[in-house]
1. Counting only heavy atoms of the protein chains, get the accessible area per residue of the stretch 63-176 (1.4 Å probe) and round it to a whole Å² value.
2. Given R₀ = 25 Å, what would the calculated FRET efficiency be for Q232 paired with A296, taking r from the Cβ atoms and rounding to 0.05?
3. Calculate the spin-label point distance for Q334 paired with V223, positioning each point 7 Å from the Cα along the beta-carbon direction, and give it in nanometres.
4. State, as an integer percentage, the relative contact order of the stretch 117-190 based on alpha-carbon contacts under 8 Å between residues 6 or more apart.
5. If you rank L435, L144, L151 by how much accessible surface each has, with a 1.4 Å probe, what is the order from largest down?
6. For D421, what is the net charge nearby, where nearby means another residue's Cβ is under 11 Å from its Cβ and Lys, Arg count +1, Asp, Glu -1?
7. Give the cross-link partners of K37 among the aspartates and glutamates, using a straight C-alpha distance below 12 Å as the criterion and excluding same-chain residues fewer than 8 apart.
8. Could you order the peptides 68-81, 323-336, 127-140 from most to least packed, using the average number of other C-beta atoms within 10 Å per residue?
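The values are calculated or read from the model by the stated rules, or taken from the named source; none is laboratory data. Values in this document were obtained by computation on a predicted structure and should not be read as measured data. Every residue, glycine as well, gets a Cβ built from its backbone with ideal geometry; the counts of neighbours run over all protein chains shown. All accessible areas refer to the heavy atoms of the entire protein, side chains included, with ligands and DNA or RNA removed. Shrake-Rupley method; radii C 1.70, N 1.55, O 1.52, S 1.80 Å.
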Amino acid sequence: MDAPHPSGHLKSHKKSKKNQTPEINFQINLNSFSKTKDLPGAIALYEEAAKSQSVRFNQHHFNALLYICSNSVADPSLRGSALDYGFRIYEHMESCKIAPNEATITAVARLAAARGDGDYAFGFVRTMGERGIAPRLRTYDPALYCFCGILEADKAYEVEEHMRRVGLSLEEPELSALLRVSAETGREERVYEYLHKLRDCVRCVSEGTAKLVESWFCGEKAVDVGDVNFDQTQVKDVVLRNGGGFHGLGWIGKGNWVVRRGNVDENGVCSCCGEQLACVDIDDWETESFASSIAALACERETKANFSEFQDWLEMHADRESIVDGANIGLYQQNFADGGFSVPQLDAVVKELYGRSKGKWPLVVLHNKRLKGLMETSPHKQLLQEWIDKGVLYTTPSGSNDDWYWLYAAVRLRCLLVTNDEMRDHIFELLGSKLFSKWKERHQVRYTFVKGSPVLIMPLSFSPVIQESEKGSWHVPVEDNSNEEIVRTWVCITRRRVCESSNGDLASKESPEGSNNFLNDHKLLNSCKPEPTTKGSNTLGSVGFSQDCMDNTNAITRKRKERSLSPSPVASSS
């Protein structure tokens, strides 16, 4: 027997438990059955409450019961009861005139899909708009997977289109299901489309998706897809404008595919076919849009005249290959007793970049408050003044955040950005994650110092994403638990005539002429400078762009120039 509590709390707790209402007891037991997914227990509880009419059912009660039923359909021994009671419970909910919410619709859609009725599931989901309910990805999944499972491809595509219209973005499981139904029904144009949607959606695919991709390329239908009469110059042009790694113009070539698994070395060369993989950048339209977004946000938060003045100055000093976050480098590892802003550290990075780019100065961005302090106390005033005179240093005005300035400059001029800043502050959150992450991977250069000398940590020489080459081959990275890119498994897919020389040996592992190798360990970012175009010029589009986007892309052509980073005499900046 429990000893009485000095304050009498135990006695009052027992009394309150004894006096609990039927609704409270029902809720407690329902929560327990929901947690353990106990269908028989939940059904017995529901039957008893419905028969005795001791409980006034509400939306939460019905949703919990529907959840248990929809989760039990995967168990063959419970499937019949789950379907029977699931629809009976929903009919009871309707008779009580209780409006469904998203959880209700998801559970009923799962029940309908479990009995093979994708039409019911999809029809029910489509009522969400008129009910004013915001859908979620999980709400559409039952109908989508049902249609894919029974190879009703057109209906699956209809579900996907509806998802797109309500603003939902598909993820790998949904895209893999659509890829499978497209492959199994011989819809090669859809297979191509979903490979590109996967490329845009995920970095590396799961093992299940990788096997699905391999199965398609090893099948008979894949042999005949493709066009041998393609304009290689146009393909290369579109690859460049897309930022590298894909063209999106359709299948290229004819004949059997060779499907193998291998690795990609630190220089981005495939061990199976010897092809050079690309370091994928954001495309031209995305770059212009990204730069405009940064400028718009900066003008909202900065003094507009100050930032506009910087934009004008930048256009007149645009011949750069790198932008330097001056404060980040000057203050690096200076948190000791005599530490402060290190001009020699910053100078060492400037000289390193100057030498690597064969005589092109980087742009250093520094706040004017910082510069004023240095000009008053630093022994390096002459060096700083020379940087100002040469246009190496731009000082941001009082009250400004210099982050906006160096970020805008790096995006607008398509330059490398030298900083260890992880760019996780709230201002960077405003820019969104997907596009920003992709840009950072391609453009951010981190650094360290070894015995006073800077060591620049360049971006990877290739991007671990699905890649489609100018020759029509594909490379698909497979997800694993390793952080080492050189040990990652890739699926290499290429036509036999591409991967083999005339004597049947593997093709040379040297980068072919015109290959899409934008960046490797020995090259700075290849600049991408705007050039004027003639009105009405004919350029090719790519998968995934709207016509408006393509119109903007066509207005700006780009030329990416190879620039060697071979050692050159380091110019003195003092």
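1. Heavy-atom SASA per residue in the stretch 63-176 reads 44 Å².
2. Details: r = 39 Å, r/R0 = 1.55.
Efficiency, from the Cβ-Cβ distance: 0.05.
3. 6.8
4. 30
5. On the way: L435 50, L144 0, L151 70 Å².
Greatest to least solvent exposure: L151, L435, L144.
6. -2
7. D75
8. Those peptides, ordered most packed to least, come out 323-336, 68-81, 127-140.
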